[in-house]
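What follows is one structure encoded as structure tokens, with my remarks underneath.
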Amino acid sequence: MLKDYMIKERDAVTQMIEQCGDQYDCILNLFASCKGKIVFMGVGKSGHIGKKLAATFASLGIPSFFVHSTEAMHGDLGMIEPKDLAVLISNSGNTQEVVQNVAPLKGNGVTTVAFTSGKESKLAKECDYLICYPKLPEADELNLAPTVSSTLTLVLGDAIACELSARKSFTRGDFYKYHPNGALGEMLKKQTK
């Protein structure tokens, strides 16, 4: 039974890969030309994925951080500057705590990117740009728990980070500058001497 759930997630990733064409080129170019930071925003499981993506982008030399969508509306919008890109994550694209950030962000001159499976959602319609992944059933028996949707967000976000890093010719030595500790840091320290 355990395998069945993993297979559902694997098959969802395969489906996304098969549908992947040049629809992300505009986003890649937008991110690559960003003069500020990539700011991920979300709540719930999307928030957890946003935190992980911000950490991955930063470790690959792409300045990035996470802002909780609810906290943003209580003063944390001040962390985000007009030169930044705000990536708002919501699977449905209609999560009020996320959508409510679009107008103030745009009012502050920040470019907004919806990251969602909801192609026709409020978030998709209100943001300046869209990163859309397939809307597929979740892995759990109830089709409720964010499993497939969070995995697709993570895989696509990681792929974008890797592509941007490759475009910058990011090296192992560069990675070591941002990750000097732990097993990775130790390995890279020996290699960069």
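The values are calculated or read from the model by the stated rules, or taken from the named source; none is laboratory data. The shown structure was predicted, so the numbers you read here are calculated from the model rather than taken from an experiment. Reconstructed Cβ throughout: ideal geometry from the backbone, glycine too, with neighbour counts over all protein chains shown.
Some points to look at:
- Residue within the range 165-174 that is buried (at least 20 other Cβ atoms within 10 Å of the Cβ) and out of contact with any strand residue (DSSP E or B) (no Cβ under 6 Å at 6 or more places or on another chain) present: no
- The lone criterion from (1) closer than 25 Å to H48 by Cβ; (2) without any contact (Cβ under 8 Å) to a residue 60 or more places away in the chain left unmet by K190 is number (1).
- Pair list, Cβ < 7 Å and 6+ apart or interchain, from the range 93-115 residues that are at positive phi and of a type outside the set (D, E, K, R) to residues that are part of a loop (DSSP other than H, G, I, E, B) and loosely packed, with under 15 Cβ neighbours inside 10 Å: G109/P82
- Some residue of the range 71-85 being among the small types (G, A, S) and in contact with a Ser or Thr (Cβ under 9 Å, 6 or more places away or on another chain): no
Yes/no per residue for (1) out of contact with any Leu (no Cβ under 6 Å at 6 or more places or on another chain); (2) modelled with pLDDT under 95; (3) more than 29 Å from H74 (Cβ to Cβ); (4) not small (G, A, S):
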residue: G93; (1), (2), (3), (4): no, no, no, no
residue: Q96; (1), (2), (3), (4): yes, no, no, yes
residue: A103; (1), (2), (3), (4): yes, no, no, no
residue: N108; (1), (2), (3), (4): yes, no, no, yes
residue: S117; (1), (2), (3), (4): yes, no, no, no
residue: A139; (1), (2), (3), (4): yes, no, yes, no
residue: T147; (1), (2), (3), (4): yes, no, yes, yes
residue: K168; (1), (2), (3), (4): yes, yes, yes, yes
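- Pairs linking a residue in the range 1-24 that is acidic (D, E) to a residue that is at pLDDT 95 or above, with Cβ atoms under 8 Å and 6 or more positions apart or on different chains, are E9/A139; E9/T147; E9/V148; E9/T151.
- Residue among A86, A124 that alone is in contact (Cβ under 8 Å) with a residue 12 or more places away in the chain and under 30 Å from F175 (Cβ atoms): A86
- Within the range 128-150, residues that are crowded, with 17+ Cβ neighbours inside 10 Å sit with their Cβ atoms under 6 Å from residues that are of a type in the set (K, R) and in a helix (DSSP H, G or I), at 6+ positions apart or across chains, in these pairs: A139/K8; P146/K45; S150/K45.
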